[in-house]
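Structure first, then comments.
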Amino acid sequence: MPANPRYVITLPPPTPNGGLHLGHLSGPFLAGDILARAARLQGIDSFVTCYSDVNQSYVRVTAGRQGVEPHALAERWTRNIGHTLSHCDIAVDDYYAPDAEANQYVRDLFLKLYASGVLVKKPYPFLRDRASGQLLDEAGVSGYCPACLAACKCGICEACGKLTNALNLLDPRNTLSGSRNLEVAWVDVMVVELERLREDIVAFYRQARPFRQRYLWLVEDALAGPLPDYPVTTPSSWGIPVDLPGFEGQMFNPWPEIMAQLIHSYRRAQRLRPSEQPAHYINFFGFDNSYFYAILHVALLSQIDEGKWLPSVTLINEFYNLDHAKFSTSNGHVIWADDSRERYSADELRFYAALNCPGFEKSNYNEQAMAAALDGSLHRPWHKVASQFNDALAALPAGQRIGTCSERIRQVAASAEATILRSMSVERFHVRQAAEDALHLLDWIDHALALPGTGFADVVHLLATFARACSPLMPKACDQLHQALRGTALDAKPSQAGIRPQPLDTELFRASPTLAEVSHA
């Protein structure tokens, strides 16, 4: 990647039909925040943006199930999600619900693509409830994937990432009523003929970009056969109206809408924090939505402004399971992030999520396992190191300068920091490895404390390195640690020489119940 880029990092737009659960937190939200913090440590300007995906059909279906008005549901959970991000120290520079300006931008963009022939009007199959005559959109129809046989909705299979539609969905039923009395209805809508844009998609993937392997497999599978038409508008009562003759009663499909809203968010980023540095757009999201980002969005973005909005980096994560089943807001199989924050600090949740995150493979959450991992790998080792440090600090004669760190320790510390931060770079992004290497550094500091010839200044330097390198994982505690050691916050200019370290909090990283309390809960 060219020198001195500006990262514009997108977190996946959360659907405001419920709050954020630990599956969300441990996936793209934490990952995007960690990348931004690590980049800033190394002098790279980073802007994090996220918006509320209010136009998803899941908002309307959840509102119908709960007997509430969709706008009220979306407004409530949009606000709640913003609070949760803040409570978990996910620092978002621009989090917003699309307003009239944003939605008009989306509409104008798609109408321009329609006028230029990128989008065309064609019949597309939808399912209709015979009893009510209602045409059902994605979340309104449940069934099974024809490829992997997982339960899914009529639009995408979250398990394997394949598209589903009214013609291939197995055993379709009305999500709200459960009725299987459905029929296929062909409706003229705007579609993007993806096969016609195949060469643009292929050209994009010829470029060397740090994609994860399963993402590339999905692209490979999609390109192995003819690419389908994809509906950019759908018959619906919820979303951004097309408001064009011939498309009455239709809204813009929320999945291509994400592409347009992302461009709008990039433009907002430049307006809110102007920069002359070249922008590199970095998308974080879960594997379940990969087809839309990998195929649909790439196809459309290649046709807009000569491809200037195409992502530089795309980073997916796998599912985080709860007791070996997927976290699901719709099915109520969740542990809410807000509930966990009442028992654990943000730093603890962030660190364990990093240590156990589903980056390349699925992972499983269990509170007892989290408590045991935090106790054994972080809390007790830190208590030992901080206690030894405090003893050594207390033994220093009053007024004695702490001296200068040895060159050997400087080299060891620099190597450790580079190793940790390398796993938080776009080229090798792997936060589980970063968390494991952070624990290696903590263990080595414990080891160094017992080595003959280790000076107090050496230990201060090692601990300051730990604070800096681990701050993307545990920002609050690491900032407090750095202030105790150096007298300044991590993002402040270095203080003048001669600052005497303060005693360290031996419970700095702990705000949680003990392992015994969790085991007996």
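Bear in mind that the values in this text are calculations on the coordinates, not laboratory data. No experiment lies behind these values; they were computed from the predicted model shown. Cβ placement follows ideal geometry from the backbone for every residue including glycine, while neighbour counts extend to all protein chains displayed.
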Exercise for the section: Could you tell me which of F247, N165, A489 has its Cα farthest along the dipole of the chain towards the positive end, charges placed at Cβ (Lys, Arg +1; Asp, Glu -1), taken about the Cα centre? Expected result: A489
Exercise for the section: Take peptides 444-452, 466-474 and line them up by average Cβ neighbours within 10 Å, highest first, as a rough protection proxy. Expected result: 466-474, 444-452
Fill in the blank from the handout: By the Cα gyration tensor axes a ≥ b ≥ c (a/c under 1.5 gives rounded; else a/b larger than b/c gives prolate, otherwise oblate), the shape of the range 374-431 is oblate
Fill in the blank from the handout: Normalised Cα Rg of the range 234-373, dividing by 2.2 N^0.38 Å with N its residue count, works out at 1.35
Handout entry: Rg ratio (alpha-carbon, reference 2.2 N^0.38 Å) - the range 393-517
Key = 1.10
Handout entry: Gain in span if fully extended, A372 to D339, counting 0.36 nm per residue against the direct Cα distance
Key = 10.0 nm
Practice task
Indicate, rounded to the nearest 5 percent, the antiparallel portion of the DSSP beta bridges found entirely in the chain.
Solution key: 60
Handout entry: Listed pairs K112/K153; K362/K384; K122/K153; K153/K308; K122/K162 exceeding 26 Å between Cα atoms
Key = K112/K153; K362/K384; K153/K308
Exercise for the section: Just flag the trypsin sites (Lys or Arg not before Pro) in the range 130-169 sitting in loop per DSSP whose Cβ has no more than 16 other Cβ atoms within 10 Å. Expected result: R130
Handout entry: Burial order of peptide ranges 216-223, 80-87, 281-288, 352-359 (average beta-carbon count within 10 Å, highest first)
Key = 352-359, 281-288, 80-87, 216-223
Fill in the blank from the handout: So L451 and Q66, fully extended at 0.36 nm per residue minus their Cα-Cα distance, gain in nm 132.3 nm
Practice task
Run a plain Debye calculation on the range 61-174 (Cα atoms as equal point scatterers, no solvent) and give log10 I(q)/I(0) at q = 0.22 Å⁻¹, rounded to two decimals, same order as the q list.
Solution key: -1.12
Handout entry: Measure of compaction for the range 2-78 (Cα Rg per 2.2 N^0.38 Å)
Key = 1.40
Exercise for the section: Please determine, in degrees from 0 to 90 and to the nearest 10, the orientation of helix 30-41 with respect to the longest principal axis defined by the Cα atoms of the chain, where the helix direction is its Cα long axis. Expected result: 50
Exercise for the section: Return the distance in nm (one decimal) between the two label points of a simple spin-label model at E276 and K476, each offset 7 Å from Cα along Cα→Cβ. Expected result: 4.0
Exercise for the section: Rank-order 227-240, 58-71 by packing density, defined as the average count of other C-beta atoms within 10 Å over each peptide's residues, highest first. Expected result: 227-240, 58-71
Exercise for the section: Specify the angular offset, from 0 to 90 degrees and rounded to the nearest 10, of the alpha carbon long axis of helix 57-66 from the longest principal axis of the alpha carbons in the chain. Expected result: 90
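Counting other Cβ atoms within 10 Å of each Cβ, which chymotrypsin sites (Phe, Trp or Tyr not before Pro) in the range 356-390 have at most 11 and sit in a DSSP loop?
Answer in residue order: no site qualifies.
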Fill in the blank from the handout: Isolated cysteines for the chain, Cβ-Cβ cutoff 4.7 Å, are C50, C88, C154, C357, C405, C470, C478
Completion exercise
Dividing the mean separation of Cα pairs under 8 Å (6+ apart) by the residue count of the chain yields a relative contact order in percent of 17
Fill in the blank from the handout: The FRET efficiency for F360 and Q42, from their Cβ-Cβ distance with R0 = 22 Å and rounded to 0.05, is 0.40
Practice task
Using only Cα atoms, find the angle between the long axis of helix 346-355 and the longest principal axis of the chain, and express it within 0 to 90 degrees, rounded to the nearest 10.
Solution key: 80
Exercise for the section: Would you please classify the overall shape of the range 130-260 from the alpha carbon gyration tensor, given that a ≥ b ≥ c denote the square roots of the eigenvalues, rounded means a/c under 1.5, and beyond that prolate means a/b larger than b/c while oblate covers the rest? Expected result: oblate
Practice task
Run the dipole for the range 6-342 about the Cα centre, Lys and Arg Cβ at +1, Asp and Glu Cβ at -1, nothing else charged, and hand back the magnitude in debye, nearest 20.
Solution key: 240
Practice task
Would you compute, from DSSP H runs of 4+ residues alone, the mean residue ellipticity of the chain at 222 nm, taking -39500 (n - 2.57) per run and dividing by the full residue count, rounded to the nearest 500?
Solution key: -12000 deg cm²/dmol
